[in-house]
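One structure is given below, encoded as structure tokens.
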Amino acid sequence: MSSAHVDHTHGTLPHEPEKATHEGRNKILGFWLFLGGESVLFGTLFATFLALRNQTNEGPTAHELFNMGMTAAATFILLTSSLTSVFAIQAMHRHKLKQLVAWLGITVVLGLGFLGLEIYEFAEYVHKEHFGMTTSAFSSSFYTLVGFHGAHVLFGILWISLLIAQLFKKGLTVVTAPKIYVSAIYWHFIDVVWVFIFTVVYLLGKVG
Amino acid sequence: MAHAHSVKHHKGLMDWLTTVDHKKIAILYLVAGGLFFGIGGIEAMLIRIQLWKPLNNFVSAQTFNELITMHGTTMIFLGVMPIIFALMNAVLPLQLGARDVAFPFLNALGFWTFFFGGLLLNLSWIMGGAPDAGWTAYTPLASKAFSPTHGVDFYTIGIQIAGLGTLIGGINFLATVITMRAPGMSFMRMPMFTWASFITSAIILFAFPAITVGLVLLSFDRLLGANFFEVAAGGNPILWQHIFWIFGHPEVYILILPAFGIISDVIPTFARKRLFGYSSMVFATILIAFLGFMVWAHHMFTIGMGPVANALFSISTMLIAVPTGIKIFNWLFTMWGGQIRFTTANLFASAFVPTFVMGGVTGVMLASAPADYQFHDTYFVVAHFHYVIVGGLVLGLFSGLFYWWPKMFGRLLNETLGKWTFWTFVIGFQLTFFIQHFLGLMGMQRRIFTYLPNQDFDTMNLVSTIGALLMAVGVIIFFVNIVITMSKPKGVANDPWEDGRTLEWTIPSPPPEYNFKQIPLVRGLDAYWKEKQAGNTEMTPSEPVGSIHMPSASILPFVMSVGLFIAGLGFMFSRDEFSNSFLAGIFNNYVVVIIGLLITFICMLLRSVFDDHGWHIEPEELEEEGVKA
Ligand code: HEM
Ligand SMILES: [Cu+2]
């Protein structure tokens, strides 16, 4: 809102185009704050899961259900997608639009791969193991926690795809750059949440 | 300036539906919050009428339960919180020396989601029965087995949508304070109301997501057959209590800290002295917010957490009395030796101090776990929380409304009527709630719809009801005052109280759309007072007069909230049986949910795709307005 802002919309981009305008910096700050709230959200879901994870109501237990091979693959895919989104931001800082779009595209594809595995996993549980939302307190808390994360991944995929489309239309500007940047922060955040899910839900479920 | 855009200026209703101006959003919050406060107040009156004599049958037991639930829920989420947000919106950017909030669009979105959430909750009255499990919605009472109607669904979904709005508002104010301060406005020069709003917003950010999850779990239990709180399937009802109060206790600080902030601005103005112990005030506010997250289980002493947990939560709760005490003494020392003017605003502020102390003292009593076994779920608790909420927050809000009304609307509220409101409301308040301490100690339980005669409850309940009616009179006089005031022409000065200390009093009342023609340079705490002391009549500007960039109005926040509203209704009725096959088709297959969510997401998409370039007010226009003013 400053009345004397320098107009970067046209002309040369600065090194960190996402922080060039007041609006851009505000957006990044606001997004970090939002992630603070998201942390409490997932924290509460984790606490719920930990409180209920042994309440299997004679349904399947974590130990019987989980297939570590597939989960490890999913983890690997999602972690890689975090790396590719870092590459995307680096390309953005070098003002390489094509590379930026390519890395974002790869991130989306990896996200889709992760989501596909998750949907497959859920479908297996529901149809083969008779493990649905209503089976037990464990099942409810499992689907809610992991499902919330999955919904976040889905949202991220749609969002980043939309941003790719905008990059084609508008190019890399001080308006599009902050959007790319916050979507990357978001993507890392859901990645970190997944690391916790992998440990608390899957690893702990297998050993404990 | 680079881009000259054609500007759409909406008029009338469209202006209000599309506005992103924090001053107009403040008025929207005030009107909607006032409306819900009125509804909650009527519910309170009905409760008190039912209880005025033993074995009364004015309302049925079921209706009574719905009344207390809706009264508590409405008052907290839809009444006082929006009025707090109204004052924050009206005042905070001005006190910072800013032209707007950090995210004007989100500001509007926050209002509309709150509004449609509140609307959804209140629709329950005409759509099959209101929620009846208390504003705390404890399971298993709130579970499908014991609350089979849709009442509790209206609660979970309505509060969910409204809570989203609150969260958005909190993030917006945090970012505003961090990035939008005028040159020279360091953190330790911010007015106390701004400080309080800042800390309140931080509490909102960290407390509201917990209730978001709680409400999700409860609605999944009720609507999808999940088992979070179903003991038979391994669930745990105590989990709900923990989640609810992890949010719930910080929530009471969300309510009271802004009132602390208001009082801390009003008292120095009318004592014509600077606030005593400014930095200790800031420190105490932060400490209260921090400790506020560590005490939630004091609401659960009687569920059997064991002596160690009870002792710890007891002690942490009592600790909060220390920073609170600091504040009380600071207010007293500010008044001490001041040239006090008892305007209505200052009367309310002064009355706040002793009443709030009383609420605090009963709070410490309740914090003593062994004694709480006696007090728990009696009228003693009802008396306690009304002392802090009504005697604290509501008096604070009245004070703030009388104080900032001229800034918001350009007219002073009538002082004579104001004093009538003050005396009727405060006397009514003491009559209503003082006596409830004794009712509680004598054993009258909370949330009972009637009681037997000859237990010595009768007279006290009658007194309490009379007090409540007197409070209603006070509120009605306030309303009359508003109507009379608003029918008069605008025209108060920039600084109608003449002793204004902070930046909002340096600009016209009401302020122009862009607030400050030139962003001021802040040279100390109580920026305006400092200039007055130096013999200046206005602030030194920090920039030359220039073109001012403004955000564009947008209907999207409104439509997005409508989308959420539709999706919420769709989700609630998704498992119902409909005789009409069309309705069955769209509800049971989640078509309504999907349509609602699509509306919301398409709006998000539009917002992302079409850049908001805003528009500019050029210096010549500023001059013109200056001439007119
Ligand atoms: C206008 C004056 C008011 C009167 C006469 C009044 C009266 C009452 C009464 C009689 C109850 C029921 C107690 C019971 O049986 O458990 C109650 C409950 C409650 N009130 Fe008020 N009230 C007033 C204002 C407020 C305000 C301004 C707030 C909040 C900002 C508030 C918050 C609550 C809450 C949270 C409950 C508990 C509801 C529950 O048990 O679930 N009240 N009030
Ligand atoms: Cu508490």
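The values are calculated or read from the model by the stated rules, or taken from the named source; none is laboratory data. This is a predicted model, so every value here is computed, not measured. Cβ coordinates were reconstructed from backbone atoms using ideal geometry, including for glycine residues, and neighbour counts include every protein chain displayed. Surface areas here come from the heavy atoms of the whole protein model, side chains and all, with no ligands, DNA or RNA. Shrake-Rupley method; radii C 1.70, N 1.55, O 1.52, S 1.80 Å.
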Rounded to the nearest 10 degrees, what's the angle between the helix A:176-197 long axis and the longest principal axis of chain A, both from Cα atoms, 0 to 90?
20 degrees
Two-site label geometry, residue A:169 and residue B:589: point separation in nm, points 7 Å out along Cα→Cβ
3.1 nm
Area hidden from solvent between B and A (accessible, protein heavy atoms only, 1.4 Å, total, Å²):
3400 Å²
With a 1.4 Å probe and all protein chains left in place, how much accessible area per residue does the protein assembly as shown have, in Å²?
39 Å²
What are the ³J(HN,Hα) couplings of region B:585-595, residue after residue, when phi is run through the Karplus curve with 6.51, -1.76, 1.60 and θ = phi - 60°? Round to Hz, x for glycine and proline.
x, 7, 7, 5, 9, 6, 4, 5, 4, 5, 4
When all C-alpha to C-alpha distances in chain A are sorted into bins of 5 Å, what percent of pairs does each bin hold, rounded to whole numbers?
1, 7, 14, 17, 16, 13, 10, 8, 6, 4, 2, 1, 0, 0
Taking square-rooted eigenvalues a ≥ b ≥ c of the alpha carbon gyration tensor, is chain B rounded, prolate or oblate, where a/c under 1.5 means rounded and, failing that, a/b exceeding b/c means prolate?
oblate
For region A:199-204, take each phi angle, set θ = phi - 60°, evaluate the Karplus expression 6.51 cos²θ - 1.76 cosθ + 1.60, and give the result in whole Hz per residue in order, putting x for glycine and proline.
6, 6, 7, 7, 4, 4
Everything considered on the Cα gyration tensor (a ≥ b ≥ c; rounded for a/c under 1.5, else prolate if a/b is larger than b/c, else oblate), the protein assembly as shown must be described as oblate
Could you tell me the relative contact order of region B:179-300? Use alpha-carbon pairs under 8 Å, at least six residues apart, and round to a whole percent.
35 percent
Which net charge results when you count Lys and Arg as +1 and Asp and Glu as -1 among the other residues whose beta-carbon is under 14 Å from that of residue B:302?
-1
Calculated Rg and Dmax of region B:9-95 using C-alpha coordinates, Å:
17.6, 59
Length gained, residue B:523-residue B:427, 0.36 nm per residue minus C-alpha separation, equals 30.3 nm
Longest principal axis of chain A (C-alpha) makes with the long axis of helix A:137-170 (C-alpha) an angle, in degrees to the nearest 10, of 20 degrees
Dipole of the protein assembly as shown, positive end: most advanced residue of B:250, B:219, B:61 [Cβ charges, Cα centre]:
B:250
Potential extension, residue B:513-residue B:498 segment - 0.36 nm per residue separation minus Cα distance:
3.1 nm
Counting only other chains, and only Cβ atoms inside 10 Å, what mean value do you get across the residues of B:231-238?
6
Leaving ligands and nucleic acids out of the surface, order B:556, B:96 by accessible area at 1.4 Å, largest first.
B:556, B:96
Pairs over 20 Å Cα to Cα, from B:273/B:530; B:24/B:273; A:27/B:24; A:27/A:98; A:27/B:11, come to B:24/B:273; A:27/B:24; A:27/A:98; A:27/B:11
When the Karplus curve 6.51 cos²θ - 1.76 cosθ + 1.60 is applied with θ = phi - 60°, which whole-Hz ³J(HN,Hα) does each residue of region B:234-239 get, with x for Gly and Pro?
x, x, 9, x, 5, 4
7 Å from Cα along Cα→Cβ at both residue B:62 and residue B:272: what's the point-to-point distance in nm?
6.3 nm
How many nm is it between the label spots at residue A:70 and residue B:232, if each spot is 7 Å from the Cα in line with the beta carbon?
3.1 nm
Residues of region B:136-157 with amide N under 20 Å of a point placed 7 Å along Cα→Cβ from residue B:579:
B:149-150
For residue B:543, enumerate residues with amide H under 5 Å from its amide H, sequence gap 5+ or separate chain, H modeled in the peptide plane.
B:519
Taking the 0 to 90 degree range and rounding to the nearest ten, how far is the long axis of helix A:68-93 tilted relative to the main principal axis of chain A, both from C-alpha atoms?
10 degrees
One finds, for residue B:490 and residue B:416 with R0 = 22 angstrom and r their Cβ-Cβ distance, a FRET efficiency to the nearest 0.05 of 0.60
Where nothing but the Cβ of Lys and Arg (+1) and of Asp and Glu (-1) is charged, how large is the charge dipole of chain B around its Cα centre, in debye to the nearest 20?
880 debye
Pick out, from B:175, B:142, B:232, the residue whose Cα sits farthest towards the positive end of the charge dipole of region B:94-250, with +1 on the Cβ of Lys and Arg and -1 on the Cβ of Asp and Glu.
B:175
Computed FRET value (nearest 0.05) for residue B:55 with residue B:141, which takes r as the C-beta separation and R₀ as 25 Å:
0.55
Summed residue charge, Cβ within 10 Å of residue B:547's Cβ, Lys/Arg positive, Asp/Glu negative:
-3
Let's see if you can work this out: charge +1 on each Lys and Arg Cβ, -1 on each Asp and Glu Cβ, no other charges. What is the dipole magnitude of the protein assembly as shown about its Cα centre, in debye to the nearest 20?
1080 debye
Over region B:21-544, relative contact order from alpha-carbon pairs under 8 Å, at least 6 apart, %:
17 percent
